[in-house]
Each structure stands twice: as C-alpha cells, then as structure tokens.
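Worksheet: one structure, shown below.
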Amino acid sequence: SGRERILAFARASEEGLYLVLANFSSEQVDIALPLPAEFFAATGITEGTAFRAADQLTGAVDFLCLTTLAPLRLSLAPHGLQILRLTAV
C-alpha cells in the first residue's frame with residue numbers, strides 16, 4: 001500500500017502549527033491523513049478551525065479546515081517533503 005513509506009507528524013510552536021510530511025517512495029502518493037480527537041487535544045486547537053497552510057519549502061499557500069469528520073487530503077511527489085506552517089485565519 002505504500003503507507004509504510006510515509007512519515008507525518010505535527011509540532012505546535014508560538015509561530016503556529018507545523019505539519020511535516022515525507023514520502024520515502026519513488027512514486028507519487030495521495031494521502032488521506034485522519035485527524036483523531038487526540039490530535040486536537042494534544043495541539044490545543046479547536047476542531048473545525050480554518051487554517052492558512054504555507055509550504056515552508058515552496059512558498060505555496062492553501063487554506064484548509066481540520067476536523068475529525070474527514071481526513072486531510074494531500075499529494076506528495078516521489079521522495080517529496082512538505083513542511084506546512086498552519087496559522088488560524
């Protein structure tokens with residue numbers, strides 16, 4: 001399935017929430033990252049909050065909403081890395 005070739009973790013700081021995703025596969029991967037209630041409890045963010053997601057490597061910006069009701073969907077290039085800085089809007 002390739003799931004064992006994906007690393008994803010989050011870190012909260014004073015600057016915002018960082019989501020780091022790495023694809024160790026030689027193929028593009030579409031990720032459906034579930035966000036359990038424990039994620040919201042650990043990060044202190046409120047479920048349903050809208051975020052500005054700024055890719056720290058490319059400068060690309062997107063907007064997303066984090067919820068337990070639907071997984072966060074992202075695509076990673078082969079051997080790709082994304083470092084997203086999430087700030088509430």
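The values are calculated or read from the model by the stated rules, or taken from the named source; none is laboratory data. Quick caveat: nothing in here was measured; it's all calculated off a predicted structure. Quick reminder, even Gly has a Cβ in these numbers, built from the backbone with ideal geometry, and neighbours come from all protein chains shown.
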Just need a number here: residues in region 1-28 that are in a strand (DSSP E or B) and charged (D, E, K, R).
1
Conditions (1) surrounded by fewer than 16 Cβ atoms within 10 Å (Cβ to Cβ); (2) touching a Pro at 6+ places or on another chain (Cβ under 9 Å) -> Asn23 fails only (1)
Number of positions in region 13-54 that are touching a strand residue (DSSP E or B) at 6+ places or on another chain (Cβ under 6 Å) and either among the small types (Gly, Ala, Ser) or under 17 Å from Gln82 (Cα atoms) (or both)
18
Six or more apart or on different chains, Cβ atoms under 7 Å: show the pairs whose first residue is in region 39-64 and in a strand (DSSP E or B) and whose second is of a type in the set (Ser, Thr, Tyr).
Phe51/Thr87; Arg52/Thr87
Count - residues of region 50-82 that are surrounded by 15 or more Cβ atoms within 10 Å (Cβ to Cβ) and in contact with a Phe, Trp or Tyr (Cβ under 9 Å, 6 or more places away or on another chain)
5
What about Ala37, is it of a type outside the set (Phe, Trp, Tyr) and either surrounded by 11 or more Cβ atoms within 10 Å (Cβ to Cβ) or under 26 Å from His79 (Cα atoms) (or both)?
no
Any chance Thr68 is free of Cβ contacts under 8 Å to residues at least 24 places away in the same chain and part of a loop (DSSP other than H, G, I, E, B):
no
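Select, from Ile31, Ile83, the only residue that is modelled with pLDDT of 95 or more and in a strand (DSSP E or B).
On inspection, the qualifying residue turns out to be Ile83.
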